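Take a look at the structure set out below.
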Amino acid sequence: MSYTTEVFPLDQWYVAGFSWEFQDKPVARTLLGQPVVLFRANGTLAALEDRCCHRQTPLSCGIVEGGAIRCSYHGLLFGQDGKCTEIPGQSHIPKTACIRAYPLEERNQIVWIWMGRTPESRPDSAAPAHPWHDDPLYQFKGDVYHYKAPYQLVHDNLLDLSHLGYVHTRTIGGNAQIHVEADMSVQNGENWVRVIRHMRNSQPPPTYLEAWPFQGRIDRWQEIEFRISYFLIWTGGMDAGTGDLEDPERTGFHMRGFHGITPETETTCFYFWTISSNRNPARPDMVETIHRATAFTFDEDRLVIEAQHANMARFPSAPMTWIQVDTAPNHARRIISRLTSPRGIRVGV
């Protein structure tokens with residue numbers, strides 16, 4: 001007898017993409033090891049396993065037709081529920097002519113997919129909201145990155161922003177010593193971790209100076225919230241001594257980052273990110289500038305993380321020394337470990 005162990009946490013909402021990615025053509029993605037085709041039909045998004053049940057041709061090679069998708073090999077037509085509705089040349093449609101359909105929810109221009117433990121699993125909650133995408137006081141833009149590294153290395157990176165002063169000196173970094181010595185607190189619950197970092201009387205980093213009319217030194221904040229499949233990161237700064245860093249209505253420059261980290265395989269992942277920023281009264285349209293600087297920052301992160309993963313493969317038995325900044329990443333890893341541990345369901349005899 002044996003017990004099942006999950007590679008990734010299941011019965012969860014994961015990010016599958018952004019609304020603007022899905023227009024008139026199918027999009028193929030492997031999510032949590034599952035090949036999926038996503039397509040918009042009659043204005044509604046759908047997600048099916050990426051295969052025709054006849055000869056296993058990828059449906060992502062097919063065409064969207066009305067409210068369905070047609071296989072490019074023999075023309076079988078599949079509805080958004082995964083059932084075949086037409087087989088050219090015959091009237092009888094076998095009951096077995098169906099494929100798995102995944103629940104989707106499109107919210108605030110984020111496309112969420114429910115990755116259930118079984119094909120019958122259905123969401124037990126609404127997909128997460130991210131209201132800053134629709135807030136008129138904010139402007140946002142985002143992108144999709146592919147990482148040649150396991151998704152939990154991205155978790156580690158986002159939960160430990162002490163690296164900013166070393167990796168991101170040309171954008172959001174600033175003084176490395178201030179980052180390392182930031183006033184920091186870590187909180188954690190059953191399925192979440194929250195890190196709060198305050199850096200008072202700091203020199204504004206280049207991205208901040210370009211986006212906001214600061215008078216001199218600033219008080220900076222970084223609030224990072226880990227959820228199982230995504231992060232919310234609220235960062236920003238205000239002129240030093242002009243407000244309370246504990247005040248949720250604080251003034252200054254605000255950046256609210258959304259980070260959807262979706263495993264592709266055990267060693268690769270997708271990184272769906274957006275950055276929303278409040279409008280500078282003197283320069284109200286800074287979205288391209290802030291997006292460009294943020295993308296440059298994340299390019300720097302990707303280089304480090306992929307190099308880290310490659311080196312881990314070169315030194316598979318080398319021990320790692322944990323330091324203080326690893327507290328939050330280790331909390332997140334324990335959550336993932338608990339959710340993927342053997343579930344006590346016996347299989348086989």
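Taken together, the values in this text are just the output of simple stated rules run on the coordinates, not laboratory data. Please read all numbers here as calculations on a predicted model, not as lab measurements. Backbone-built Cβ (ideal geometry, glycine too); neighbour counts: all protein chains shown.
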For this session: Round to the nearest 0.05 the FRET efficiency obtained for Thr251 and Glu65 when R0 = 56 Å and r is the Cβ-Cβ distance.
Result: 0.60
For this session: At 30 Å minimum axial length over the Cα atoms and a Kyte-Doolittle cut of -0.5, report the qualifying DSSP H helices in the chain, or say none.
Result: 287-314
For this session: Any chance you could get the radius of gyration and Dmax over the Cα atoms of segment 2-115, in Å?
Result: 14.5, 46
For this session: Provide the packing ranking of 310-317, 262-269, i.e. peptides ordered by the mean count of other C-beta atoms within 10 Å per residue, highest first.
Result: 262-269, 310-317
For this session: Quick one: P(r) of segment 219-265 from all Cα-Cα pairs, 5 Å bins, percents rounded to integers, in order of increasing distance.
Result: 5, 20, 26, 16, 12, 9, 5, 4, 2, 0
Problem set entry | Full-stretch length increase - Glu21, Thr85 - with 0.36 nm per residue and alpha-carbon distance subtracted | 20.4 nm
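What does the helix-only formula give at 222 nm for the chain: each DSSP H stretch with n ≥ 4 adding -39500 (n - 2.57), the total divided by the residues, and the result rounded to the nearest 500 deg cm²/dmol? Could you put the intermediate results ahead of the total?
Values: 6 runs with 66 residues, N = 349.
Computed mean residue ellipticity for the chain: -5500 deg cm²/dmol.
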Problem set entry | Distance between modelled label sites at Thr327 and Leu137, nm, 7 Å Cα→Cβ extension | 3.1 nm
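What FRET efficiency would be calculated for the residue pair Tyr73, Cys98, taking the C-beta separation as r and a Förster radius of 30 Å, to the nearest 0.05? Provide the component values of the computation, followed by the final result.
Values: r = 17 Å, r/R0 = 0.57.
The calculated FRET efficiency here is 0.95.
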Problem set entry | Dimensions in Å of the chain - Rg and Dmax from alpha carbons | 22.7, 76
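Can you give the FRET efficiency to the nearest 0.05 for Arg117 and Glu210, using r as the Cβ-Cβ distance and R₀ = 56 Å?
Numbers: r = 46 Å, r/R0 = 0.83.
Computed FRET efficiency for Arg117 and Glu210 comes out at 0.75.
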Exercise. So which residue, out of Pro319, Pro136, Pro26, gets the largest mean-square fluctuation from a GNM of the chain using Cα contacts under 10 Å as springs?
Worked result: Pro319
